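Data block below; observations after.
The values are calculated or read from the model by the stated rules, or taken from the named source; none is laboratory data. Given the structure is predicted, the values throughout are model-derived calculations rather than measurements. Cβ sites come from the backbone with ideal geometry, for glycine too, and all protein chains shown count toward neighbours.
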There are 4 protein chains.
Amino acid sequence: MKHGGSKINVAVVGATGYVGGEIIRLLQGHPLAEVKVATSNRNQGLRLRDKCPWIATELALTPFDPGSIDADFVFLCQEAGFAMQHAPALMRRCRVIDMAADFRFKDLAVYEAWYKKRHLCPELLGRAVYGLPELVDCSEIADAPLIGNPGCYVTAASLPLAPLAKAGLLAGVPVIDAKSGVSGAGRSKTDPDYLYSEMTANLKAYGVVGHRHTPEIEQNVGCRVRFTPHLVPMARGIHATIQAPVVEGTTREQIYEIWRKAYEGRPFVSLQEEGWPSVKQVVGSNRCDMAADVDPRTGFAAIVSVLDNMVKGAAGQAIQNMNIMAGLPETTGLPLNGVWP
Amino acid sequence: MKHGGSKINVAVVGATGYVGGEIIRLLQGHPLAEVKVATSNRNQGLRLRDKCPWIATELALTPFDPGSIDADFVFLCQEAGFAMQHAPALMRRCRVIDMAADFRFKDLAVYEAWYKKRHLCPELLGRAVYGLPELVDCSEIADAPLIGNPGCYVTAASLPLAPLAKAGLLAGVPVIDAKSGVSGAGRSKTDPDYLYSEMTANLKAYGVVGHRHTPEIEQNVGCRVRFTPHLVPMARGIHATIQAPVVEGTTREQIYEIWRKAYEGRPFVSLQEEGWPSVKQVVGSNRCDMAADVDPRTGFAAIVSVLDNMVKGAAGQAIQNMNIMAGLPETTGLPLNGVWP
Amino acid sequence: MKHGGSKINVAVVGATGYVGGEIIRLLQGHPLAEVKVATSNRNQGLRLRDKCPWIATELALTPFDPGSIDADFVFLCQEAGFAMQHAPALMRRCRVIDMAADFRFKDLAVYEAWYKKRHLCPELLGRAVYGLPELVDCSEIADAPLIGNPGCYVTAASLPLAPLAKAGLLAGVPVIDAKSGVSGAGRSKTDPDYLYSEMTANLKAYGVVGHRHTPEIEQNVGCRVRFTPHLVPMARGIHATIQAPVVEGTTREQIYEIWRKAYEGRPFVSLQEEGWPSVKQVVGSNRCDMAADVDPRTGFAAIVSVLDNMVKGAAGQAIQNMNIMAGLPETTGLPLNGVWP
Amino acid sequence: MKHGGSKINVAVVGATGYVGGEIIRLLQGHPLAEVKVATSNRNQGLRLRDKCPWIATELALTPFDPGSIDADFVFLCQEAGFAMQHAPALMRRCRVIDMAADFRFKDLAVYEAWYKKRHLCPELLGRAVYGLPELVDCSEIADAPLIGNPGCYVTAASLPLAPLAKAGLLAGVPVIDAKSGVSGAGRSKTDPDYLYSEMTANLKAYGVVGHRHTPEIEQNVGCRVRFTPHLVPMARGIHATIQAPVVEGTTREQIYEIWRKAYEGRPFVSLQEEGWPSVKQVVGSNRCDMAADVDPRTGFAAIVSVLDNMVKGAAGQAIQNMNIMAGLPETTGLPLNGVWP
């Protein structure tokens, strides 16, 4: 399905949240797409810029009405549970990219167990494609009517681990210690925990046991993992530090070789040969940078991957999927460079 | 001088500093320009990405040799004093945009008094054009062989004040209290004052009396000003808070009316009608947002302007000048949106 | 009124807010006082440490009941309007230190005009003492049944300006550009503006014209001022940058001489002779550090003062008042050193 | 060895670094100790406050001369390698507390292998006592002429792990993912990596394989560990996230029970029963707060411990040792509360 001459029309549902705003910000720099609809039920009658003054646009905010959306693509930027309510209606009108978890799982039981809700349209799970372009068959994404777009933690953990697992290198449960910028908590928290004065100069673990991104990583990697997320005092970015028991004799060079084969020709996965990537080098970019070493004393591979939770971990990845679905180069309109300092 | 079909070739001198890196980062998103040369005398033999891992490029770092630069434009990202040494040689080979102060002053005596050095090529001051496109005649920029590109503090103070001064609204010395992100101090400081641990959760004034950006603001505004810069704990951004005594009876609406006339059709100056702009809404953008009110109790106009010191305050403004010089729309390749959160 | 052998009993009303928590934190290091009552209407049945895990205490949170408070001193850490409701009842049982504005103004009309509420017990204004120990007669504080404890902005602006005004040095409206840590906004904000992700790497002015701390500064200094507050990305601290027009010929040395006389023997006001104070040097301390210079080009004195908004700007100052009221040295239990880095 | 009536005289070697400054800051609040000597070879002739403006003191900086130090205790705040040069001379004059690694190891070979230097006085290793009061026999500390004071990472990792290892609960290599505030890098870095603009909004792993704190943790815990340190954008604090394989059937309650027994009556170790500790709740405090849970899916105990790297991780722990050595309660002069926000 190639894209013709006119621009791709896009609707963003939940436009004033961080992910919705980021999709719009990035698409204004996209040469072939245009945001035509931005919905926000709480902010009707306002312009987008009234709530998002960083975006230079006169776009109005409208209420969400699934029956009247006229677009090629709709991006759903809402909590889990929203997409499964509206996907059937929306799919009659446009292709759907969901930023939450409703269409990420192949196994209905896993979704329902970890998300603690009954799925409203399990029949769509088979038609939805998991939108991690570097790990799935892109021709499936190209033809998909519905994308379950993976999030930041899962992308950061799965990109380095999946090829190693597939190559048979893992010899035990990988420990994934993931650090996230606070924007991952969203823009509508009213809990004092997310106040500037509480989080600055602070750092805390949460969801230490049983975080619901665990099964999604396991679906991608193919084995159990020990996953712990943390909030750290930065607005954006994910830093995953992974300690994976590896089969004896595994070398650093083997890891890089497996990665090189897995990600050859994929511009958004970058293997760092020297030193360790820092989060900031990918903030603003759609890249995931990664590096590894092996500790023979303990038998672990030590792996670091970094990405921008708003870009490769959300909005950028969604646009990458849209590009593939529209028959465009996956890089169209997506930044490769980070913003530094 | 219109730009033809091939790409504009660019050389960046001082590529591993913050401003040099920012020019390259932005130009990689420019559809009609290409960075061909990136110099760094301290890092020969390395690739740019070895020192600037946020930039996805294989560009090599080369030593600076003014006699061999082959480019349409050269951006000089060095301290004051560098450009006047090399401009004569460089101008024989390409058009020169200097990020420092050597070619910003019309009055040689002012430069020499405030910068405490003798100018090496005063004869070029008459050929250099001051590159603040919203305040100068753009046809002069279009034809200029040499641009003195203004910096962050001066741009943030001059854009709101100059039209008001010209309109005769000022009735005394404006007090400019300017707050800068720490990146303004550059990347090569070894003084502990700029360490993370010293600057985080900190804030300090410097150059409180006699800062050398004072006369450049005065050149633009046409009157004396009381200017005080501060370092605040953020990497990027300028927030200028200006208290200007105004002629009796001056209203907020008058100020906006003067600004509207001055900046009609200029996409990078944005007048905020409600609330006050925050710095972050322009970080990553080439915009300068501004707002004002009047305090009749004391006779002051209170003005806020914000910009990104790396973009509209340095690299973005320089590219805006390059666009004008190349006959391109001034917005080509320059982001209008800020990056938030 | 000297304090005898037993400990001073203290009640803190609003114990889980930032100021209430800070009073308790500091009093746990006070050798002669003990917090016996900590109220929080929203958190009954919890321990203080459940809401304030930084405080190592088993103190329970109780509902506020003015008729049953049994203490020597009660600190009211609530919004303006609270103290005037409860002061009459509380004053029958203990001495009252109010952290808000109800008892700071000598002139009822000023309070009612700027705070937009009718005062409920104007007859107490004459008995209340304004608790800025370095500017008022400490014998009045010593005998006061009721203290209106000044806040951070007002203390930072008044300490440097008041002696200069009294000495006749001011020749026009001082411009006070004040920068505050975000904790000044309190702990119960639910507005997204105070979220970590919105405020980090950000800076904004607010209340630019007509902020209600203006008349309190004017009461202390004795002339009109142009006051503008800002939120900056740090949790604690106030940095006031003051540009004051001074009578011709005024020298830096004159300013310091006036300050030395005004603050001789006052350990919490510290005159910095070299360089400019940074905010962090007083964070955690009850000091206010200040410095000045004169700009003869424009006729302004440039003044910087810094303090910790939670300590000298709130809780520390209140304890300083309590010490004086209890006949103790004013420094008892109060830190002089800042916490760095 | 009880302390008599006069004050304990203290000398601090390396007074202008972060640890030296913190010792002095804390000792100024100690009722029974007084800093008499503060050395800094680079800053002779200056006062301490000229380099450390947060400390309100007139103390002069003097050159380090081991033969003339007249004190009860000397704190050595220098890099590894310094103490072993000067300990023999200093021990003739006073008791020595070394903040670096020279006297932390029981096994000379381990020190020499990991620190890559020959030990200059191995005969003193047997007389030195490892100063982690909650894990060693305090009567040994009380009598020690020389203390090897453990650092932040090791304390944060060892306090939760050592009792579990001793109880036989560990069933594999614990993975320790430790996050440190940037002050851990010290005050004299000139590498741009530690600049504010590079570290703010950033996070990076370092020493991922082979960090030299590994063997010190192993000495305390008694088994191999996989240790990875990270720099995170905060000035102070350590957050250790530990994933320890445990014997089947291990419960959360068992872990707490072991901890309760190990740390009964130790005021500086605090077990958090609900939620997970955040770093900021211990910043400014000498506490180490910890919590745990068990993930039966994977067989790991998940443990979090937090402390202030400057206090319990350095200066506070050293003063705790000094208190014990002087026969004082270990809590004397040491803050239990954190500073928040």
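What is the one condition in (1) in a loop (DSSP other than H, G, I, E, B); (2) over 22 Å from D:Gly316 (Cα atoms); (3) not basic (Lys, Arg) that D:Val110 does not satisfy?
(1)
Looking only at segment A:174-188, decide whether some residue is in a loop (DSSP other than H, G, I, E, B), at pLDDT 95 or above and farther than 26 Å from A:Gly20 by Cα.
Yes, segment A:174-188 contains at least one residue that is in a loop (DSSP other than H, G, I, E, B), at pLDDT 95 or above and farther than 26 Å from A:Gly20 by Cα.
Tell me, which strands (runs of 3 or more DSSP E) wholly within segment A:238-341 include 3 or more residues that are among the β-branched types (Val, Ile, Thr), within 12 Å of another protein chain (Cβ to nearest Cβ) and touching a residue at least 60 places away in the same chain (Cβ under 8 Å)?
A:238-245, A:300-307
Take the residues in segment A:163-177 that are within 10 Å of chain D (Cβ to nearest Cβ) and surrounded by 24 or more Cβ atoms within 10 Å (Cβ to Cβ), then tell me which one is nearest to C:Ala201 (Cα to Cα).
Looking at the filtered set, the residue picked out is A:Asp177.
Within segment C:138-157, identify whether any single residue is in a loop (DSSP other than H, G, I, E, B), more than 30 Å from B:Thr241 (Cβ to Cβ) and outside the structural domain of C:Asp289 (by TED's automatic domain parsing), and answer yes or no.
For segment C:138-157, residues in a loop (DSSP other than H, G, I, E, B), more than 30 Å from B:Thr241 (Cβ to Cβ) and outside the structural domain of C:Asp289 (by TED's automatic domain parsing): present.
Consider only pairs whose beta carbons are under 8 Å apart and that are at least six residues apart or on different chains; among these, list those whose first residue lies in segment B:189-204 and is touching a residue at least 12 places away in the same chain (Cβ under 8 Å) and whose second residue is assigned to a helix (DSSP H, G or I) and surrounded by fewer than 24 Cβ atoms within 10 Å (Cβ to Cβ).
Hits for this filter: B:Tyr194/B:Ala185; B:Met199/B:Asp193.
Going through segment D:208-235 one residue at a time, which ones are facing another protein chain (nearest Cβ under 7 Å) and over 20 Å from A:Gln243 (Cα atoms)?
D:Pro233, D:Met234, D:Ala235
Can you name every residue in segment B:219-237 that is surrounded by fewer than 21 Cβ atoms within 10 Å (Cβ to Cβ) and either assigned to a helix (DSSP H, G or I) or charged (D, E, K, R) (or both)?
Matches in segment B:219-237: B:Gln219, B:Arg224.
Kindly establish whether D:Asn220 is assigned by TED's automatic domain parsing to the domain that holds D:Pro296 and either aromatic (Phe, Trp, Tyr) or under 30 Å from C:Met199 (Cβ atoms) (or both).
It is false that D:Asn220 is assigned by TED's automatic domain parsing to the domain that holds D:Pro296 and either aromatic (Phe, Trp, Tyr) or under 30 Å from C:Met199 (Cβ atoms) (or both).
Which numbered condition trips up A:Thr190, out of (1) out of contact with any strand residue (DSSP E or B) (no Cβ under 7 Å at 6 or more places or on another chain); (2) under 22 Å from D:Ala291 (Cα atoms)?
So the condition that A:Thr190 fails would be (2).
Which of the residues spanning segment D:250-270 are within 22 Å of D:Ile319 (Cα to Cα) and not hydroxyl-bearing (Ser, Thr, Tyr)?
D:Ala262, D:Glu264, D:Gly265, D:Arg266, D:Pro267, D:Phe268, D:Val269
Test each condition in (1) within 30 Å of A:Pro341 (Cβ to Cβ); (2) without any contact (Cβ under 8 Å) to a residue 40 or more places away in the chain; (3) touching a Pro at 6+ places or on another chain (Cβ under 6 Å) for D:Leu108 and report the one that comes out false.
(1)
Restrict the check to segment C:136-147 and report whether at least one residue is within 13 Å of the chain's Cα centre (by Cα) and either under 29 Å from C:Arg236 (Cβ atoms) or surrounded by fewer than 21 Cβ atoms within 10 Å (Cβ to Cβ) (or both).
Checking segment C:136-147: at least one residue is within 13 Å of the chain's Cα centre (by Cα) and either under 29 Å from C:Arg236 (Cβ atoms) or surrounded by fewer than 21 Cβ atoms within 10 Å (Cβ to Cβ) (or both).
Pick from segment D:40-56 the residues that are assigned to a loop (DSSP other than H, G, I, E, B) and either small (Gly, Ala, Ser) or at pLDDT 95 or above (or both): which of them is nearest to C:Phe268 (Cα to Cα)?
By that ranking, first place goes to D:Ala56.
Can you tell me which residues in segment D:113-129 are crowded, with 19+ Cβ neighbours inside 10 Å and either touching a residue at least 40 places away in the same chain (Cβ under 8 Å) or part of a helix (DSSP H, G or I) (or both)?
D:Leu124
Suppose the filter is within 14 Å of chain C (Cβ to nearest Cβ) and in contact (Cβ under 8 Å) with a residue 40 or more places away in the chain; does B:Val154 pass it?
Judged against the criteria, B:Val154 is not a match.
Being closer than 23 Å to A:Ser188 by Cα and buried (at least 19 other Cβ atoms within 10 Å of the Cβ) is the requirement here; does A:Asp72 meet it?
Spelling it out, it is not the case that A:Asp72 is closer than 23 Å to A:Ser188 by Cα and buried (at least 19 other Cβ atoms within 10 Å of the Cβ).
Check segment D:190-207 and report whether any residue there is more than 9 Å from every other protein chain (Cβ to nearest Cβ), within 23 Å of D:Ser278 (Cα to Cα) and not aromatic (Phe, Trp, Tyr).
no
State all residues of segment B:242-264 that are surrounded by fewer than 24 Cβ atoms within 10 Å (Cβ to Cβ) and more than 14 Å from B:Pro163 (Cβ to Cβ); if no residue qualifies, say none.
Matches in segment B:242-264: B:Pro245, B:Val247, B:Glu248, B:Gly249, B:Thr251, B:Arg252, B:Glu253.
Being at pLDDT 95 or above, under 25 Å from A:Gln243 (Cα atoms) and either outside the structural domain of A:Pro145 (by TED's automatic domain parsing) or touching a Cys at 6+ places or on another chain (Cβ under 6 Å) (or both) is the requirement here; does A:Val304 meet it?
yes
From (1) out of contact with any Lys or Arg (no Cβ under 9 Å at 6 or more places or on another chain); (2) more than 14 Å from every other protein chain (Cβ to nearest Cβ); (3) of a type in the set (A, V, I, L, M, F, W, C), pick out the condition that doesn't hold for A:Ala71.
Result: A:Ala71 fails condition (1) only.
Looking only at segment C:178-189, filter to residues that are hydrophobic (A, V, I, L, M, F, W, C) and within 11 Å of chain B (Cβ to nearest Cβ); which one of those is surrounded by the most Cβ atoms within 10 Å (Cβ to Cβ)?
C:Val182
Consider only pairs whose beta carbons are under 9 Å apart and that are at least six residues apart or on different chains; among these, list those whose first residue lies in segment B:78-99 and is over 15 Å from B:Leu125 (Cα atoms) and whose second residue is among the hydroxyl-bearing types (Ser, Thr, Tyr) and modelled with pLDDT under 95.
Between residues of segment B:78-99 that are over 15 Å from B:Leu125 (Cα atoms) and residues that are among the hydroxyl-bearing types (Ser, Thr, Tyr) and modelled with pLDDT under 95, the close pairs are B:Arg93/B:Ser68.
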